[in-house]
Amino acid sequence: MYAIVDIAGQQFKVEKDQKIFVHRIEGEEGSNVNFDQVLLIDNDKSVVVGQPVIEGAVVSAKILGHVRGDKVIVFKKKRRKGYQKSNGHRQYMSQIVIEGILEKGANVNPAAEKKETATKAAKQEATTTAAEDKKEQPATKAAAPKKAPAEKKASTAAKKSTKPAAAKKTAAAKPDENKAAAKKSATKKTDSKKNDEGAE
């Protein structure tokens, strides 16, 4: 079983109990570190590829020591100019040993695992109690809304029944008003004719 993991910007193919040198990482000698940037895991020819990272996969390792790499000479020269310069560089590195490759992200620290299980149990209890409370409350609330639709139907039926009657009354009242208006206009005309005749 092996995995390809990204550690401090570099990709490594790692197996259990393998020792590798990586760029300097934080932590004291002998402390445990976890790397969650796992790109690929091959477990007995069953390959799991991340997109780009496998969710929940963890590579656990232990820091063996902090060292410095071999010296690298950086030499610069410009011909016919009398310029040459020599610098040396030693990279800060850490030596680690791979302790395990976990596909599903099981916690390496048992204390953290216990805490997570305790918090999960507490959350489940809270959700179950909340669900029970919700189940009890809707039973009382549901009775009131059921009565309301019947009342609404009755009120709408009453409104519908009153609307046509009112419309009929207004329709019946309008012809009477029209007749009265016609009579008034006729009486005015006759009065005006009489006044004209009297004036003559």
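Derivation of every value follows stated rules applied to the coordinates shown; laboratory data play no part. Keep in mind that what you see is a predicted model, and the values were worked out from it rather than measured. Backbone-built Cβ (ideal geometry, glycine too); neighbour counts: all protein chains shown.
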Unsatisfied cross-links (Cα-Cα over 27 Å) in the set Lys19/Lys76; Lys45/Lys120; Lys62/Lys104; Lys19/Lys45; Lys19/Lys77
Lys19/Lys76; Lys45/Lys120; Lys19/Lys77
For Met1, Met93, ascending order of other Cβ atoms within 10 Å (fewest first) is Met1, Met93
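To make sure I understand, if each residue's beta carbon is the centre and we count other beta carbons within 10 Å, what order do Arg24, Arg80 fall in, fewest to most?
On the way: Arg24 13, Arg80 5.
Ordered by Cβ neighbours within 10 Å, fewest first: Arg80, Arg24.
Taking the radius of gyration and the Kirkwood hydrodynamic radius from Cα positions alone, what is the Rg/Rh ratio for segment 35-110, to two decimal places? Walk me through the intermediate numbers first.
Numbers: Rg = 21.2 Å, Rh = 16.3 Å.
With Rh from the inverse mean 1/r over Cα pairs, Rg/Rh is 1.30.
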Which of the peptides 40-51, 68-79 is most tightly packed, and how do the rest follow, going by the mean number of other Cβ atoms within 10 Å of each residue?
40-51, 68-79
